[in-house]
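Here is the structure we will look at, set down as structure tokens.
Coordinate-derived values only; no laboratory data. Being a predicted model, the structure only gives us computed values, none of them experimental. Here the Cβ positions follow ideal geometry from the backbone for every residue, glycine too, while neighbour counts run over all protein chains shown.
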Amino acid sequence: MSLVLQRIENTRDALVNALAERNWEAIGQLDMTCRSCMEDVLSESDVDQGALRDNLEELLGVYKQLLEAATGERQAVVDEMSQIHQAQNAAKVYHLFG
């Protein structure tokens with residue numbers, strides 16, 4: 001396996017682990033590493049195309065999971081902010097009539 005393909009595989013595995021831990025800082029850093037890997041793939045001419053396709057499809061699957069997790073986390077924050085806003089409004093009403 002070429003060095004570039006190994007880097008993609010290692011980065012993908014690290015992304016899976018970081019996602020499992022919800023370590024968003026590590027995910028951000030690994031995303032940058034992944035971008036670097038893609039640049040290396042584009043500059044390397046003798047990469048096994050079948051292995052590259054398999055690695056990239058697996059990486060795409062991880063990114064889909066990341067998007068789903070990030071969307072879920074964002075929605076949780078929106079829900080929490082909505083509850084805080086409702087509580088603040090209830091407190092204002094209480095103070096008006098209390």
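Things worth noting here:
- Quick note on the chain: its Rg to Rh ratio, both from C-alpha atoms and Rh being the Kirkwood radius, is 1.32.
- Database remark: amide H of Asn23 closer than 5 angstrom to no amide H (H placed geometrically; neighbours at sequence offset of 5 or more, or on other chains; Pro and chain starts carry no H).
- Taking every C-alpha pair closer than 8 Å and separated by at least 6 residues, the mean separation divided by the residue count of region 3-97 gives a relative contact order of 33 percent.
- Rounded, prolate or oblate (a/c below 1.5 giving rounded, otherwise prolate when a/b exceeds b/c) for region 11-56 by Cα gyration tensor: oblate
- Residues of region 66-84 falling in the label zone of Asp31, defined by backbone nitrogen less than 11 Å from a point 7 Å along Cα to beta-carbon, are 66-67, 70-71.
- 3J(HN,Hα) along region 67-80: 5, 5, 5, 5, 5, x, 5, 4, 5, 4, 5, 4, 4, 5 Hz, from the Karplus curve 6.51 cos²θ - 1.76 cosθ + 1.60 with θ = phi - 60°, whole Hz, x for Gly and Pro.
- Zone of Asp48's modelled label, taken as backbone nitrogen in region 2-40 under 15 Å from a point 7 Å along Cα→Cβ: 2-10
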